[in-house]
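Structure, as structure tokens:
The values are calculated or read from the model by the stated rules, or taken from the named source; none is laboratory data. Since we're looking at a predicted model, the values are computed, not measured. Every residue, glycine as well, gets a Cβ built from its backbone with ideal geometry; the counts of neighbours run over all protein chains shown. When the accessible area is computed, the model is the full protein with side chains, heavy atoms only, and any ligands, DNA or RNA have been set aside. Shrake-Rupley method; radii C 1.70, N 1.55, O 1.52, S 1.80 Å.
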Amino acid sequence: MKITVVGCGKIGSTILANLVSEGHDVVVIDNDPAVIEEMTNIYDVMGVCGNGVDCDTLIEAGAEKSDLLIAATGSDEFNMLSCFAANRLGVGHTIAKISNPEYNDKSLGFMQKQLGLSLAVNPELLTAREIYNVLKVPSAAKIETFSGGSFEIVELILKPDSPLDGLTLIELRKKYHASFLVCVVQRDDKIYIPDGNFTLKSGDRIALTATPSEIYKLMKMLGLMQKMAKNVMMLGASKTAFYLSKLLLASGASVKIVELDKGKCEEFCDKLGGISMIHGDGAHQELLLEEGLPSMDAFITLTGSDEENILLSYFASSQNVPKVISKVNRNEFVPIAERLGLDCIVSPRRSVSDVVVRYARALQNSEGSNVETLYKLMDGRAEALEFIVRPDLDLLGKPLKELDLKPGLLVAGISRARKTIIPSGDDVILAGDKVIVIAAGQRLGDLADIVR
């Protein structure tokens, strides 16, 4: 599929990398010649240096022939205008990155309709929601939701004293009477789609799928259920911090934010009633201690520096803060953070890229069962996809045990009407179902792709 990406900053370059890895024909537009040279050299794509709003630049890039245009510059207004211009040139599908809280209120729907936007994505809001979901279940490293919240996938790190250490998955299901499925395991650098004979070990990163109530039941039986974090300290008055603060305040949590920029402190105080703003340098450990870091339920680093976020998260962990969450955008820093014991990493780049990749796959597959939801698991080494099943799918009515599934795939959940199913070999897929599939080493665009 032919795709044009306007803007190759942090977000745009991540989107570009993922679209190229998906096999799409991508053209990039940026007004910085050095950026264009770098992107074209790294990803072997065509690049045009110029203004992504200017029709001549768009035409030079062949944007009018694109199936999809994505505007991901640092300016919301620029992104909207670029998509509007592309729409007028005949591009059928456009995606704009829109981060400003003022645009993400009631006016967003109106702007999407008037500008012909297919989709508006907000990296900061996506990240805030991801963090909020984890704060609701602090023992989890990551939580993703499917089917309007009726299914969850929860990633856990098995600690050295984990009651799951040494258990096979068959033994696990017998010992803990909850309806769940261990669908992915990461051990060192290897990813496994486990069967019933797979033995869990301390240090494994596992992903469980179940309904929220069954997740709660299992976590309670494992002694991992912690109350939602109610006293939260954040470092950095970023847009993500703004969105997250709104979510936390609405839930009754206490929020404290440390920020060096006095103007941002004043802005947050004006827009968010009920938060405690601390004007100071969060890199000073004494300040964090004075503000009660050791007594917090959670500490979240949201500055623009990955290095600062990692180091101060490590300090918070040393103070035995129950939940520490770090924003890390650069992929090469993630293994470093994990080696320091930081198991909860969030990335706005990754969050928005997942949304864009899902949209591109759904657009590419107009028949069968399109990708409704897509999440990356295990630091991007596996995918969880949700499909809505159409009536013409060849797999309908066949027991799962009779399907010749490709290796590295697992049907992890079925949502049918208001019923949620953790599937066994005797279950079948029906038209109208929402089906969750876990894939390792595979890229699925259609549910029909799961069979050989």
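Just give me the residues in the stretch 338-361 being over 15 Å from Glu155 (Cβ atoms), out of contact with any Phe, Trp or Tyr (no Cβ under 6 Å at 6 or more places or on another chain) and without any contact (Cβ under 8 Å) to a residue 40 or more places away in the chain, in sequence order. Of everything in the stretch 338-361, those that are over 15 Å from Glu155 (Cβ atoms), out of contact with any Phe, Trp or Tyr (no Cβ under 6 Å at 6 or more places or on another chain) and without any contact (Cβ under 8 Å) to a residue 40 or more places away in the chain turn out to be Arg339, Gly341, Arg358.
Against the test of being over 21 Å from the mean Cα position of the chain (by Cα), in contact (Cβ under 8 Å) with a residue 40 or more places away in the chain, open to solvent by 20 Å² or more (accessible area, probe 1.4 Å) and within 23 Å of Leu135 (Cβ to Cβ), the options Met228, Met221, Met233 yield a single qualifying residue, Met221. Quick check on my filter: what residues within the stretch 155-172 are surrounded by fewer than 18 Cβ atoms within 10 Å (Cβ to Cβ) and in contact with a helix residue (DSSP H, G or I) (Cβ under 9 Å, 6 or more places away or on another chain)? Answer for the stretch 155-172, where residues must be surrounded by fewer than 18 Cβ atoms within 10 Å (Cβ to Cβ) and in contact with a helix residue (DSSP H, G or I) (Cβ under 9 Å, 6 or more places away or on another chain): just Pro163. Scanning the stretch 80-99 for residues that are open to solvent by 40 Å² or more (accessible area, probe 1.4 Å) and in contact (Cβ under 8 Å) with a residue 40 or more places away in the chain yields one hit, His93. When you scan the stretch 315-328, how many residues do you find that are of a type outside the set (A, V, I, L, M, F, W, C) and buried (at least 20 other Cβ atoms within 10 Å of the Cβ)? The qualifying residues number 3. Which one is nearest to Val437 (Cα to Cα), of the residues in the stretch 180-214 that are open to solvent by 20 Å² or more (accessible area, probe 1.4 Å) and over 25 Å from the mean Cα position of the chain (by Cα)? Residue satisfying both the conditions and the ranking: Asp195.
Assess whether Val389 counts as being over 14 Å from the mean Cα position of the chain (by Cα), more than 24 Å from Pro294 (Cβ to Cβ) and either among the hydrophobic types (A, V, I, L, M, F, W, C) or buried (at least 21 other Cβ atoms within 10 Å of the Cβ) (or both). Taking the combined requirement at face value, the residue satisfies it.
I'm trying to understand the selection: among the residues of the stretch 280-336, which are polar (S, T, N, Q) and not in a helix (DSSP H, G or I)? Spell out how you get there, then give the answer.
So the first thing to find is which residues in the stretch 280-336 are polar (S, T, N, Q), and the list is 285, 295, 301, 303, 305, 309, 313, 317-320, 326, 329, 331.
Answer for the stretch 280-336, where residues must be polar (S, T, N, Q) and not in a helix (DSSP H, G or I): Thr301, Thr303, Ser305, Gln319, Asn320, Ser326, Asn329.
Suppose we keep only residues that are over 20 Å from Glu124 (Cα atoms) and touching a strand residue (DSSP E or B) at 6+ places or on another chain (Cβ under 6 Å) within the stretch 254-279. Which one would you say is least open to solvent (accessible area, probe 1.4 Å)? Among residues in the stretch 254-279 that are over 20 Å from Glu124 (Cα atoms) and touching a strand residue (DSSP E or B) at 6+ places or on another chain (Cβ under 6 Å), the one least open to solvent (accessible area, probe 1.4 Å) is Ile278.
For the condition outside any helix (DSSP H, G or I) and either under 22 Å from the mean Cα position of the chain (by Cα) or at pLDDT 95 or above (or both), what is the one hit in Gly52, Gly92?
On the way: Gly92 fails: either under 22 Å from the mean Cα position of the chain (by Cα) or at pLDDT 95 or above (or both).
None of the others qualify; the one that does is Gly52.
Evaluate the stretch 127-138: report whether one residue or more is in a loop (DSSP other than H, G, I, E, B), at pLDDT below 95 and either open to solvent by less than 30 Å² (accessible area, probe 1.4 Å) or on the phi < 0 side of the Ramachandran plot (or both). Yes, the stretch 127-138 contains a residue that is in a loop (DSSP other than H, G, I, E, B), at pLDDT below 95 and either open to solvent by less than 30 Å² (accessible area, probe 1.4 Å) or on the phi < 0 side of the Ramachandran plot (or both). Checked against the criterion of being touching a Leu at 6+ places or on another chain (Cβ under 9 Å), small (Gly, Ala, Ser) and closer than 26 Å to Ala382 by Cα, the stretch 227-243 contains not a single residue that satisfies it.
Among the residues of the stretch 141-179, those identified as within 16 Å of the chain's Cα centre (by Cα) and of a type in the set (Gly, Ala, Ser) are Ala141, Ser147, Gly148, Gly149.
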